[in-house]
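Note sheet for the following structure.
Computed from the coordinates by the stated procedures, all read-outs in this text should not be read as laboratory data. Keep in mind the model is a prediction, meaning the values are calculated, not measured. Cβ placement follows ideal geometry from the backbone for every residue including glycine, while neighbour counts extend to all protein chains displayed.
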Amino acid sequence: MVDIQDFTKAGEFLRAENVKDGAAATIIGVAEVVHNDMYDKDRLHIPVEITSKKYTFDCSKTNARTITETLGAETEKWVGKQLQLETYKTKTSDGKMTNATNVKNIIL
């Protein structure tokens with residue numbers, strides 16, 4: 001089992017600006033569910049690496065379902081797999097347009 005506590009606290013969050021459409025992000029540690037106090041919601045944090053830079057992918061429920069459909073629910077088995085990512089426009093809760101990251105495909 002890998003303890004990613006230090007990684008998720010110190011690591012930079014993956015932002016849409018870090019993703020080129022079609023980019024492959026390698027899962028480098030076990031994902032964990034963390035509570036977001038600001039929105040009072042649980043979120044899935046996945047440690048990933050893109051072009052030798054480490055990030056925490058703050059994964060939406062939709063993206064988590066996409067990954068789970070292919071890799072299963074045990075996040076330990078996700079390590080070493082690659083996520084093909086893309087970006088898209090979405091509205092924030094206050095109605096502003098922003099870029100977001102989507103899992104386009106799982107590379108086995």
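Pairs to check: Lys20/Lys77; Lys54/Lys96; Lys53/Lys77; Lys20/Lys81. Give those whose C-alpha atoms are more than 20 Å from each other in this structure. From the list (Lys20/Lys77; Lys54/Lys96; Lys53/Lys77; Lys20/Lys81), the Cα-Cα distance tops 20 Å for Lys20/Lys77; Lys54/Lys96; Lys53/Lys77. Among Tyr39, Tyr88, the order by Cβ neighbours within 10 angstrom, fewest to most, reads Tyr39, Tyr88.
Entry note: the stretch 5-107 has Rg to Rh equal to 0.94, where both radii use alpha-carbon atoms and Rh is the Kirkwood radius. The spread of Cα positions in the stretch 60-108, taken along each principal axis and listed from longest to shortest, comes to 37, 17, 14 Å.
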